[in-house]
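Computed from the coordinates by the stated procedures, all read-outs in this text should not be read as laboratory data. Just so it is clear, the structure is predicted and the values come from calculations on it, not from any experiment. A quick note on method: Cβ atoms are made from the backbone with ideal geometry, for glycine too, and the neighbour counts reach across all protein chains shown.
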Amino acid sequence: MTLTHILAFAAAALLALVALPARMRAWALFVTSVVAIYWLQPAVTIRRMDFLFPTMTLGLVMLAWLLTRAPDQRLTREDAGAAALIVALVLLLAFGRALAPAYRITPSVPPPLSMVVTWLAAGGIALIVLSRVPGGRARPLLALALGIVALFAVLKTEALATEVSRLLRGWTGQSPDLARADELQWLGFSYVAFRLLHTARDRQTGLLPALSLREYTTYAIFFPAFTAGPIDRAERFVGELRALPGPDAARFVQGGMRIAVGIGKKFVIADSLAILALDTAKAQAATSTLGLWALLYAYAFQIYFDFSGYSDIAIGLGQWCGVKLPENFSQPYLKRNITLFWQSWHITLSQWVRFYVFSPLSRFLLTRPRKPSPTVLVLVGQLVTMLIIGLWHGVTWGFVAWGLWHGAGLFVHKVYSDRTRAHYLRLRAHPRLGRAVEVAGVLITFHFVALGWVWFALPDIGASWDVFVRLLGG
């Protein structure tokens, strides 16, 4: 989100809070979220794709809702109205083709109206057919999950994304030779994918409550959290949505403070640190180990203030909308060990992966005829969990190394803490020594995390390793 987006969303949230009753505010959040995903989507050099990507997001959300409905849940007039409103909004945005650029909210000229109508008709037929596949919903839900994972792999893998870009360029009559992976900028897909996978899995286990199409869509693409999280849970979010409070001075002040703090973090501190932060060019230009460490420190704090700033803005906007989003950061660089760090860094992502990856994987391994030892179980679980978090950012060797780095760190800390628990308990009788040990833990944890950012900051694994060695005096 740019500063313009944030100010416009803040104004819309305040207007809805003051001028509309609770039920109408819920519909206003739904409409704003649908329109926002088109406005937030950046321009794409492949023609029509910056309109098609948000439209595909809506199609995926509607399909996921159809497949994750409760077994006894019937379509209601409200659901039909929400579906009709989505179609009407997409067509209205397509009419922007006739407007001057200054009056369009889409990043480029929308496709011809006839093409959009064809897309919507084909999508509607596909949704109806897929929602009526016989044999229950187990297989369709599995297919939905696998399809989302496959889309994710294509978007995050450079070779696959480049090939898809080449095919799309051929479809639009553009030169396939100019295809690049970064042309497939499907904004918000990473976070929407996690929300849809969460609801698909919770429907299989019976944990997902019955949600209307309006509620489900608002949850999946809620505009404050669409681009950078937090990743909320559907049942918690919808509970807030169904009980939207009226105007409240305290919530207005709290939300405003969070938005102001987030803007300061992102647009003042993070953007200033970005000038000094580690990247390929600066790493090559650095002539000393001390200089490299300065670049790495700048990157470590830049990425924190960037991510946490966006989270603060999202939480503040959510408060003004009447929805309390979950916290996503809690002073992570002040934690005394790597486990506590991951309990306070991108908290909702860590919790999602722990619940839907680490726990199921551990249960699966424990059901094997030859059960692994507790040590092997923890090692495999930590490595796989953190590897998935790394690959979520991108399918590159750098993110693989970053994920394995943190997985290994979590495993080592688990083994170490199990063997030294009695010693730490005895430190309670020595407060000063205990405080010194805690400070040492904070410093070690911060530098472990900072060294891990090398794999994250530099896309080439060879360049990352070179900088890593130079930082350690090699």
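Using 0.36 nm per residue of separation minus the Cα-Cα distance, give me the extension gain between LEU160 and ALA22 in nm, one decimal.
Values: separation 138, 0.36 × 138 = 49.68 nm, distance 4.54 nm.
In short, 45.1 nm is gained.
For segment 41-208, calculate the relative contact order in percent as a whole number, restricting contacts to Cα pairs under 8 Å that are 6 or more residues apart.
Details: 144 pairs, mean separation 53.5, N = 168.
About 32 percent, as a whole number.
Cross-link partners among lysines for LYS371, C-alpha distance below 21 Å, same-chain residues fewer than 8 apart left out?
Qualifying lysines at Cα under 21 Å: LYS414.
For segment 330-471, evaluate the Debye formula with one uniform point scatterer on each Cα (no solvent term) and list log10 I(q)/I(0) at q = 0.17, 0.19 Å⁻¹, rounded to two decimals.
For the requested q values the scattering log ratios are -1.03, -1.19.
Go through segment 303-316 residue by residue and turn each phi into a ³J(HN,Hα) via Karplus (6.51, -1.76, 1.60, θ = phi - 60°); whole Hz please, and just put x for glycine and proline.
Rounded to whole hertz, the list is 5, 5, 5, 5, 5, 5, x, 4, 5, 4, 4, 4, 5, x.
Report, please, the projected area of segment 162-319 averaged over directions, based on the convex hull of its C-alpha atoms, in nm².
Working: hull surface 58.1 nm².
That works out to 14.5 nm², a quarter of the Cα hull's surface.
Please sort 412-425, 449-462 by packing, taking for each peptide the average over its residues of neighbouring beta carbons within 10 angstrom, highest first.
Numbers: 412-425: 11.8, 449-462: 19.2.
Ranking, from highest mean packing down: 449-462, 412-425.
Kindly rank 120-129, 192-201, 254-263 from highest to lowest mean number of other beta carbons found within 10 Å of each residue. Each step should come with its number before you reach the end.
Details: 120-129: 13.1, 192-201: 21.8, 254-263: 18.2.
With the highest mean Cβ count within 10 Å placed first, the list reads 192-201, 254-263, 120-129.
Local charge sum around LEU93 (other residues, Cβ-Cβ under 15 Å, Lys/Arg +1, Asp/Glu -1)?
On the way: positive: ARG48, ARG97, ARG104; negative: ASP50.
Residues near LEU93 contribute +2 overall.
R0 = 41 Å: FRET efficiency of LEU113 with GLN204, Cβ-based, nearest 0.05?
Computed FRET efficiency for LEU113 and GLN204 comes out at 0.55.
Mind pulling up the Rg/Rh value for segment 41-208? Radius of gyration and Kirkwood radius, both on Cα.
Details: Rg = 17.3 Å, Rh = 17.5 Å.
The Rg/Rh ratio comes out at 0.99.
At R0 = 56 Å, how high is the FRET efficiency between ALA153 and ARG435 if r is their beta carbon distance? Nearest 0.05 is fine.
So the FRET efficiency works out to roughly 0.75.
Near LYS266, which lysines are there with a Cα under 24 Å away, not counting those fewer than 8 places off in the same chain?
Within the straight-line limit of under 24 Å, LYS266 reaches these lysines: LYS282, LYS324, LYS335.
Can you give the angle from 0 to 90° between the axis of helix 113-131 and the longest principal axis of the chain, with both taken from C-alpha atoms, to the nearest 10?
Taking Cα atoms only, the helix is inclined about 70 degrees.
List the extent of the Cα atoms of segment 213-293 along each of their three principal axes, largest first, rounded to whole Å.
58, 30, 15
How far, in degrees from 0 to 90, does helix 138-156 lean away from the longest principal axis of the Cα atoms of the chain, to the nearest 10?
70 degrees
By how many degrees, between 0 and 90 and to the nearest 10, does the Cα long axis of helix 431-457 differ from the longest principal axis of the chain?
That works out to roughly 50 degrees.
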